[in-house]
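This report concerns only the one structure given below.
All of the numbers you see were taken from the coordinates with simple rules; none came from a lab. Being a predicted model, the structure only gives us computed values, none of them experimental. We place every Cβ from the backbone using ideal geometry, glycine too, and count neighbours over all the protein chains shown.
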Amino acid sequence: MKRLTLLLLICSSPAFAADYDDPDTWLCRPEQPNACAADQTTTIVAADGSLSRENFQADPNAPIDCFYVYPTVSLDKTPNSDLIAGPEEMSVISGQFARFGGVCRTFAPLYRQITLTALRAGMSGQPMQADRQLGYNDVLAAWNHYLAHDNEGRGVVLIGHSQGSGVLTSLIASEIDGRPIQKQLISALILGSSGVTTPSADETLGGTFTHIPVCTSNDQFGCVVQFASFRNTVPPPDNSLFGRPRQGGGRSVCTNPANLAGGEGELHAYLRNSPESPAWLTPPEAIDTPFVSVPGLLSARCVDERGFSYLSVTVNGDTADPRTDDIAGDVMAGGAPVPGWGLHLIDVHLAMGNLIDLVRDQAAAWAAAQ
């Protein structure tokens with residue numbers, strides 16, 4: 001027990017440099033998929049109540065790479081997490097990243113992020129002393145290790161959510177934007193975030209990045225996708241955490257992964273099948289897969305209003321059919337949704353199929369241009 005305690009203290013120490021030569025500092029690598037080997041089998045629930053099964057298989061010969069930085073999930077009791085994977089890190093990979101293994105080789109480093117413990121303490125008025133630079137330094141070290149040992153000139157997609165998106169935004173701004181490595185950037189998927197800005201809604205370049213534009217079509221590469229999702233019935237309130245820049249000017253970017261050109265589009269969601277999920281059918285039928293897809297139930301469009309720019313999600317429920325008319329995914333407190341968080345918990349799940357199609361199209365366009 002003393003040895004384990006010492007190891008935990010060392011792995012969370014700012015003085016301890018993360019060693020990305022050690023395979024245990026990676027949640028996913030091509031030769032050691034670990035968390036990315038999670039079961040992705042999906043039940044498709046059609047509006048008429050019929051069920052079908054969709055299997056999944058990663059592509060070990062995928063022509064491009066994906067590099068992922070996960071959101072705030074650590075339940076460690078310290079303000080910064082350690083470098084030991086817990087169930088929460090393994091779970092978020094399953095829901096947000098493993099499915100990308102069908103289109104790319106997967107790389108996901110552990111990093112000493114600010115923990116949920118610290119986040120909750122700050123929200124309750126009792127902030128903990130967290131090192132915000134520590135997690136970034138870890139991801140930078142992992143990125144440099146990947147470039148030195150794994151990239152070999154391949155195209156790469158950067159994927160992040162929430163805290164992970166913030167870390168990636170800083171990494172792109174300092175290490176990729178306008179540098180030689182930018183030519184290998186297929187796209188950056190900055191999800192559940194509002195940190196990437198442009199000067200105005202009419203501009204796709206400038207603001208956070210000088211040389212990396214906003215994606216406006218599926219055959220465009222070297223560009224950025226960003227959105228934060230809210231129900232169309234519960235737009236972001238004035239105190240929302242997402243939808244507008246937290247500092248500085250400009251406009252937070254919103255790109256609709258279901259229609260990058262603008263307007264409405266159908267979301268191809270992969271939702272978790274969990275005890276918190278609504279009954280997928282009435283009367284209920286047993287569904288034993290970890291994920292469920294609901295074609296036609298969800299659509300989205302980007303909305304610019306009141307200084308906010310966000311992905312407005314509509315649930316197209318029909319009381320006349322046997323399929324559910326709602327989804328789970330709101331951040332809850334005291335049994336009620338917290339409007340300022342929107343659908344943050346399921347940002348990635350809502351558009352997973354759209355994002356994978358996008359990466360596939362972008363990879364093809366990037367390869368054709370080489």
Completion exercise
Out of 220, 252, 94 - ranked by how far each Cα lies towards the positive end of the dipole of the stretch 2-369, with unit charges on the beta-carbon of charged residues - the top one is 252
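Nearest 0.05, what FRET efficiency do residue 126 and residue 304 give at R0 = 30 Å with Cβ-Cβ as r? Show your work: numbers first, answer last.
Values: r = 36 Å, r/R0 = 1.21.
So, using R0 = 30 Å, E works out to roughly 0.25.
Sort the following peptides by mean Cβ neighbour count (other Cβ atoms within 10 Å, averaged over residues), highest first: 169-181, 211-223, 187-199. Numbers along the way, then the final one.
Working: 169-181: 15.8, 211-223: 17.9, 187-199: 24.3.
Packing proxy ranking, top to bottom: 187-199, 211-223, 169-181.
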Problem - Calculated log₁₀ intensity ratio I(q)/I(0) where the Debye formula runs over C-alpha points of the chain, q = 0.08, 0.10, 0.13, 0.14 Å⁻¹ - result: -0.38, -0.61, -1.08, -1.26
Exercise for the section: Bin width 5 Å, alpha-carbon pairs only: give the P(r) of the stretch 190-248 as whole percents, running from 0 to the bin holding the largest distance. Expected result: 4, 17, 23, 26, 16, 10, 3, 0
Fill in the blank from the handout: To the nearest 20 debye, the stretch 157-259 has a Cα-centred charge dipole, built from +1 on Lys and Arg Cβ and -1 on Asp and Glu Cβ, of 160 debye
Exercise for the section: Could you state, as a whole-number percent, how many of the C-alpha pairs of the stretch 48-133 are farther apart than 15 Å? Expected result: 66 percent
Fill in the blank from the handout: Across 10 Å bins beginning at 0, the whole-percent shares of Cα-Cα pair distances in the stretch 107-233 come to 12, 39, 32, 15, 2
Exercise for the section: Please report the orientation-averaged projected area of the stretch 230-279, defined via the convex hull of its C-alpha atoms, in nm². Expected result: 5.7 nm²
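Classify the stretch 313-370 from the C-alpha gyration tensor, please: rounded if a/c falls under 1.5, else prolate or oblate depending on whether a/b exceeds b/c. Intermediate results must be reported in sequence, preceding the final value.
Working: a/c = 4.76, a/b = 1.86, b/c = 2.56.
Oblate, because a/c is 1.5 or more while a/b does not exceed b/c.
Return the Rg/Rh ratio of the stretch 141-202 with Cα-based radii and a Kirkwood Rh. Please report the intermediate quantities before stating the final value.
Values: Rg = 12.4 Å, Rh = 12.5 Å.
That ratio equals 0.99.
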Problem - Table column - 3J(HN,Hα) (Hz), the stretch 78-87, Karplus curve with 6.51, -1.76, 1.60, x for Gly and Pro - result: 8, x, 10, 6, 8, 10, 10, 5, x, x
Fill in the blank from the handout: With x for Gly and Pro, the residue-by-residue ³J(HN,Hα) of the stretch 240-255, computed from phi through the Karplus equation 6.51 cos²θ - 1.76 cosθ + 1.60 at θ = phi - 60° and given in whole Hz, is 4, 7, 9, x, 8, x, 7, 8, x, x, x, 10, 5, 6, 10, 10
Handout entry: Whole-angstrom gap from the stretch 181-223 to the stretch 292-370, using each part's C-alpha centre
Key = 19 Å
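Hey, could you get me the Stokes-Einstein D for the stretch 214-370, Kirkwood radius over alpha-carbon pairs, 37 °C and 0.692 mPa s, rounded to whole µm² s⁻¹? Please list the in-between numbers first.
Values: Rh = 16.8 Å.
The Stokes-Einstein estimate is 196 µm²/s.
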Completion exercise
Taking a ≥ b ≥ c as the square roots of the Cα gyration tensor eigenvalues, with a/c under 1.5 meaning rounded and otherwise prolate when a/b beats b/c or oblate if not, the stretch 50-89 comes out oblate
Problem - Linear extension gain, residue 369 paired with residue 282, 0.36 nm per residue minus alpha-carbon span - result: 26.4 nm
